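The values are calculated or read from the model by the stated rules, or taken from the named source; none is laboratory data. All values reported here derive from a predicted model rather than from experimental measurement. In this analysis, Cβ positions are derived from the backbone assuming ideal geometry, glycine residues included, and neighbour counts consider all displayed protein chains. The accessibility values were calculated without ligands, DNA or RNA, using every heavy atom of the protein model including side chains. Shrake-Rupley method; radii C 1.70, N 1.55, O 1.52, S 1.80 Å.
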Amino acid sequence: HQLCGHLSSGGEQAGVESTSALMRAVGYLPIDSQQKILVACEFGDKAHIKDKRKSGEPYITHPIAVAEILAGFRLNVDVIISAILHDTVEDTDVTEEQITKLFGEKVAKIVDGVTKLKSDKNKDKNLTKAGTFHKIFTATLEDPHVLVVKLADRLHNMSTMDAVRPEKQRSTAQETLNFYIPFARLLGLNDIADYIEILCYR
């Protein structure tokens, strides 16, 4: 309830409800960690204030939903905050230095790793496949949490694909099956891999 009055997107109901759901989900964390998550929600909301999802919802509902998925695995506060901020460096004016200063180096490194996993559309198809595999492999070696956040991101995106054109749905599903599902299984994340795989075939 404290955050509801602070959300910069005018207290839009979708953003408030998703934040409330996240805060219920992170109840296993200490109070000081929960307060950090509230700060991250407000920071992310301000960063994405002009952004909308294809569905028309405030963009902040997506990263908060990703964080909620990870809270279901009872992950630590740095991973939850990284999920909330995972698109800020790529899509907003927020810098890695700002994230480091406000939320610590661990969070900044995870966010940076997730940002680097974005596909390079300027290269030819074969190079893109090789590059994608290399990026995922490198990111996973540096910090497996990068892939964990990316998997939760992909899970939420795949579950809200209705607003995206069919060609994009198919290409995203194929990329997920080719690269992310195998890495998820290598990490032993079979439950989340199974669910994403079902969404891909759908």
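What do you get for the angle between helix 13-25 and the principal long axis of the chain? Use alpha-carbon atoms, 0 to 90 degrees, nearest ten.
Around 90 degrees separate the two axes.
What accessible surface, in Å², does a 1.4 Å probe find on residue 36, ignoring ligands, DNA and RNA and rounding to the nearest 10?
Per-residue accessible area (residue 36): approximately 100 Å².
Along the charge dipole of the chain, pointing to its positive end and built from +1/-1 on Cβ of Lys, Arg, Asp and Glu, which listed residue (16, 144, 34) has its Cα farthest out?
144
Segment 51-202: D in µm²/s via Stokes-Einstein (Kirkwood Rh, Cα pairs, 4 °C, 1.567 mPa s)?
Stokes-Einstein gives a translational diffusion coefficient of 82 µm²/s.
When the Karplus curve 6.51 cos²θ - 1.76 cosθ + 1.60 is applied with θ = phi - 60°, which whole-Hz ³J(HN,Hα) does each residue of segment 26-37 get, with x for Gly and Pro?
My calculation for segment 26-37 gives 9, x, 6, 8, x, 4, 5, 5, 5, 5, 4, 5 Hz in order.
For a quick check: with amide H placed at 1.01 Å from N, whose amide H comes under 5 Å from residue 189's, ignoring anything fewer than 5 positions away on the same chain?
none
How much accessible area does residue 129 have with a 1.4 Å probe, in Å² rounded to the nearest 10?
Here the accessible area works out near 100 Å².
Rounded to whole Hz and in sequence order, give me ³J(HN,Hα) for segment 177-185 from the Karplus expression 6.51 cos²θ - 1.76 cosθ + 1.60, θ = phi - 60°, writing x for Gly and Pro.
After applying 6.51 cos²θ - 1.76 cosθ + 1.60, I find 5, 6, 10, 6, 4, x, 5, 4, 5 Hz.
Residues with amide H under 5 Å of residue 51's amide H, sequence separation 5 or more or different chain, H placed in the peptide plane at 1.01 Å from N; which?
Result for residue 51 returns 59.
Among the lysines in segment 42-144, how many pairs, 8 or more places apart or on different chains, have alpha carbons under 17 Å apart?
Close lysine pairs under the 17 Å cut-off: 13.
How large is ³J(HN,Hα), in whole Hz, for each residue of segment 165-172 in order, when computed from phi with the Karplus curve 6.51 cos²θ - 1.76 cosθ + 1.60 and θ = phi - 60°, using x for Gly and Pro?
My calculation for segment 165-172 gives 4, x, 5, 5, 4, 5, 5, 5 Hz in order.
Averaged over every viewing direction, what's the projected area of the C-alpha convex hull for segment 12-73? Give it in nm², one decimal, please.
Taking the Cα atoms of segment 12-73, their convex hull projects to 4.0 nm² on average.
GNM on the chain, C-alpha springs below 10 Å: top fluctuator among 134, 62, 86?
Among 134, 62, 86, the largest GNM mean-square fluctuation belongs to 134.
Angle check, please: helix 144-159 long axis (alpha carbons) against the longest principal axis of the chain (alpha carbons), in degrees 0 to 90, nearest 10.
Computed tilt is about 90 degrees.
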